[in-house]
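Remarks on the structure that follows.
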Amino acid sequence: MKNDFTDRVAIVTGSSRGIGRAIAETLAARGTQVVVNCAKDLEGAEETVDNIVSKGNIATVFQADVSELSEAEGLINYALDKYGNLDILVNNAGTTRDQLLMRMSEEEWDLVLRVNLKSTFNCCKTAVKLMMRKRYGRIVNISSVSAIAGNPGQTNYAASKSGMIGFSKSLARETASRKITVNVVAPGFIPTTLTDDLPDELKEKTLSHIPLGRWGEPQEVAEAVVFLAGETAGYITGQVLNVDGGMVMA
Ligand code: NAD
């Protein structure tokens with residue numbers, strides 16, 4: 001069996017930087033035509049596209065806040081109009097508003113649930129219609145080990161990321177007969193803009209719980225996503241793959 005990404009079309013939400021950028025660049029390097037997405041960080045998204053195009057590969061930007069259904073629909077339709085297809089959807093866009101529950105505002109709860117979980121619903125709902133018709137699709141949703149192990153200060157984030165796991169398993173069962181797979185990648189601690197603001201003390205404490213003794217890199221998450229997005233992973237669905245240096249072992 002050959003893992004041929006040539007002429008495949010992918011959308012990677014939130015690919016203007018960090019893990020999403022690494023996923024977009026890695027898919028493109030294998031021959032996938034990639035739609036790079038961001039809500040606000042257009043400069044970053046254009047940089048991702050430049051990185052891809054400068055290597056002779058194909059990508060374009062579509063700006064959309066995927067937490068809004070109409071904008072997510074716009075993103076999926078853009079891929080269809082521009083490249084005539086959609087084979088791979090990576091729901092990577094995410095955010096945090098860490099706070100102990102006692103101090104967490106309703107706004108902080110709602111925002112995190114909307115950006116992390118509702119976006120996944122929005123993009124999957126629209127993409128699955130196309131994939132069902134084509135009888136092929138690869139969906140990879142980016143959750144977090146916080147969803148599995150819990151993390152103080154992250155009740156909103158962990159709830160949204162656990163929601164993504166239950167959502168993915170249910171969707172995997174709904175779509176399997178049409179050869180669509182739905183899987184989850186759960187990163188551990190990967191230094192990016194998202195983790196910049198965490199106190200150094202917390203970062204050091206986290207490090208002491210990682211058997212492999214180091215933080216991960218966006219590229220290491222991207223390799224797992226690309227594996228699940230490939231044709232050769234066609235017998236894997238409804239699974240959660242932790243990329244966390246062994247921090248959480250189920
Ligand atoms: P990041 O903050 O560097 O990147 C987040 C991306 O999402 C950016 O491109 C941002 O523009 C985009 N985005 C945010 N809201 C959006 C919206 N409404 N619509 C479209 N795009 C939006 O973060 P990262 O560390 O690269 O995280 C990527 C994913 O990995 C997130 O889902 C995050 O929860 C998950 N994750 C990260 C870590 C980590 O340690 N970095 C660990 C576990 C899970």
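Search segment 4-22 for residues being of a type in the set (A, V, I, L, M, F, W, C) and within 18 Å of residue 76 (Cα to Cα), and hand back the single one that is farthest from the ligand (Cβ to nearest atom). Here the residue is 9.
When segment 85-129 is filtered for residues that are more than 14 Å from the chain's Cα centre (by Cα), within 16 Å of the ligand (Cβ to nearest atom) and in a helix (DSSP H, G or I), the ones remaining, listed by number, are 107, 108, 109, 110, 111, 112, 113, 114, 125, 126, 127. When residues in segment 211-250 are screened for being of a type in the set (Phe, Trp, Tyr) and within 29 Å of residue 86 (Cα to Cα), 2 of them pass. Could you tell me whether segment 174-196 includes any residue that is of a type in the set (D, E, K, R), exposed (fewer than 15 other Cβ atoms within 10 Å of the Cβ), part of a loop (DSSP other than H, G, I, E, B) and within 14 Å of the ligand (Cβ to nearest atom)? No: segment 174-196 contains no residue that is of a type in the set (D, E, K, R), exposed (fewer than 15 other Cβ atoms within 10 Å of the Cβ), part of a loop (DSSP other than H, G, I, E, B) and within 14 Å of the ligand (Cβ to nearest atom). Contact map, segment 142-167: residues that are farther than 19 Å from residue 67 by Cα and away from the ligand (no atom under 12 Å from the Cβ) paired with residues that are aromatic (Phe, Trp, Tyr) and modelled with pLDDT of 95 or more, Cβ distance under 9 Å, separation 6+ or inter-chain. Pairs shown: 155/109. Regarding residue 115, is this residue buried (at least 19 other Cβ atoms within 10 Å of the Cβ) and in contact (Cβ under 8 Å) with a residue 60 or more places away in the chain? The answer is no for residue 115. I'd like to check something: does segment 67-80 contain any residue that is more than 11 Å from the ligand (Cβ to nearest atom) and surrounded by 24 or more Cβ atoms within 10 Å (Cβ to Cβ)? Yes. For segment 225-244, name all the residues that are surrounded by fewer than 20 Cβ atoms within 10 Å (Cβ to Cβ) and either within 15 Å of residue 192 (Cβ to Cβ) or in contact with a Leu (Cβ under 9 Å, 6 or more places away or on another chain) (or both). 227, 236, 238, 239, 241, listed by residue number. Residues of segment 26-49 that are among the charged types (D, E, K, R) and within 15 Å of the ligand (Cβ to nearest atom): 40, 41, 43, 46, 47. Consider segment 159-173 and keep the residues that are more than 15 Å from the chain's Cα centre (by Cα) and among the hydrophobic types (A, V, I, L, M, F, W, C). The one that is surrounded by the most Cβ atoms within 10 Å (Cβ to Cβ) is 171. Number of residues in segment 213-248 that are within 15 Å of the ligand (Cβ to nearest atom), more than 23 Å from residue 166 (Cα to Cα) and not in a helix (DSSP H, G or I): the value is 5. Contact annotation: residue pairs with Cβ atoms under 9 Å, 6 or more positions apart or on different chains, pairing a residue in segment 198-213 that is on the phi > 0 side of the Ramachandran plot with a partner that is assigned to a loop (DSSP other than H, G, I, E, B) and surrounded by 14 or more Cβ atoms within 10 Å (Cβ to Cβ), are 213/245.
For segment 7-35, residues that are modelled with pLDDT of 95 or more and in a loop (DSSP other than H, G, I, E, B) total 9. Just one of the listed residues (64, 22) is crowded, with 24+ Cβ neighbours inside 10 Å, free of Cβ contacts under 8 Å to residues at least 40 places away in the same chain, small (Gly, Ala, Ser) and within 22 Å of residue 182 (Cβ to Cβ), and it is 64.
Within segment 193-212, being among the polar types (S, T, N, Q) and farther than 21 Å from residue 162 by Cα holds for 193, 208.
The values are calculated or read from the model by the stated rules, or taken from the named source; none is laboratory data. Just so it is clear, the model here is predicted, and its values are computed rather than measured. Glycine also receives a Cβ, built like all others from the backbone with ideal geometry; neighbour counts cover every protein chain displayed.
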